[in-house]
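The values are calculated or read from the model by the stated rules, or taken from the named source; none is laboratory data. Quick caveat: nothing in here was measured; it's all calculated off a predicted structure. Heads up, the Cβs are rebuilt from the backbone with ideal geometry, glycines too, and the neighbour counts pull from every protein chain shown.
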Amino acid sequence: MNKTFFRAAALACATIGLTGCGGASEEPVAEAPDGIPGMTVDNARVVLAPVEGNPAAVYFDLEYDGDRGLALNRAHVEGAESAEFHEYGEWNKQIQMQPMLPLPLKKGDKHTFEPGGKHVMATGVSAELQPGGTTEVTLTVSGGDKISFPAEIRAAGDER
């Protein structure tokens, strides 16, 4: 027991002593700017499900006029446990919602994420997200760049 106590005390003293070393102040780490050159997002809205606990849908208009090719990879909705790009496609002779593959983007592309088409499905939506409020949506592209934007929160029966 004495050895354990002395080892812990020695470690604590060494840690305290090291915090005073190095006289130079730490430089802040530069963060990547939030935004993707040439990308704009408008008309963003989150439409809550009519049944509490069901996923919400995120719709928006995206334009890309950047010089390098990208692909939309991931989405994040503040106040949701997870978010995923979805689209509708045919399988077994039926139209069904399905996860969307990464969406390639090139200069001049315009995409509308809308009901019955491409959209972001947000699951595990917090009860704090209420109609009339806003939440932040973040899209991530290949290479890790991100763009964040506010999205109006709407009730299930509101205009989509």
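Here are the numbers:
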{"read-out": "Residue list for the stretch 19-39, restricted to those being at pLDDT 85 or above and either surrounded by fewer than 15 Cβ atoms within 10 Å (Cβ to Cβ) or not in a strand (DSSP E or B) (or both)", "value": "GLY35, ILE36, PRO37, GLY38"}
{"read-out": "The stretch 125-160, residues that are among the small types (Gly, Ala, Ser) and within 14 Å of the chain's Cα centre (by Cα)", "value": "SER142, GLY144, SER148, ALA151"}
{"read-out": "Single unsatisfied condition, GLU78 versus (1) modelled with pLDDT under 95; (2) under 18 Å from ARG154 (Cα atoms); (3) of a type in the set (Asp, Glu)", "value": "(1)"}
{"read-out": "Subset of the stretch 69-104 [exposed (fewer than 15 other Cβ atoms within 10 Å of the Cβ) and part of a loop (DSSP other than H, G, I, E, B)]", "value": "GLY69, ASN92, LYS93, LEU101, PRO102"}
{"read-out": "Residue check, ALA127 in contact (Cβ under 8 Å) with a residue 40 or more places away in the chain, over 22 Å from ILE36 (Cα atoms) and either of a type in the set (D, E, K, R) or buried (at least 19 other Cβ atoms within 10 Å of the Cβ) (or both)", "value": "no"}
{"read-out": "Cross-chain or 6+ apart pairs with Cβ under 9 Å, the stretch 87-111 first and in contact (Cβ under 8 Å) with a residue 40 or more places away in the chain, then part of a strand (DSSP E or B) and of a type in the set (Val, Ile, Thr)", "value": "PRO102/VAL141; LEU105/VAL141"}
{"read-out": "Any hit, the stretch 113-124, residues being farther than 21 Å from ASP158 by Cα and surrounded by 13 or more Cβ atoms within 10 Å (Cβ to Cβ)", "value": "no"}
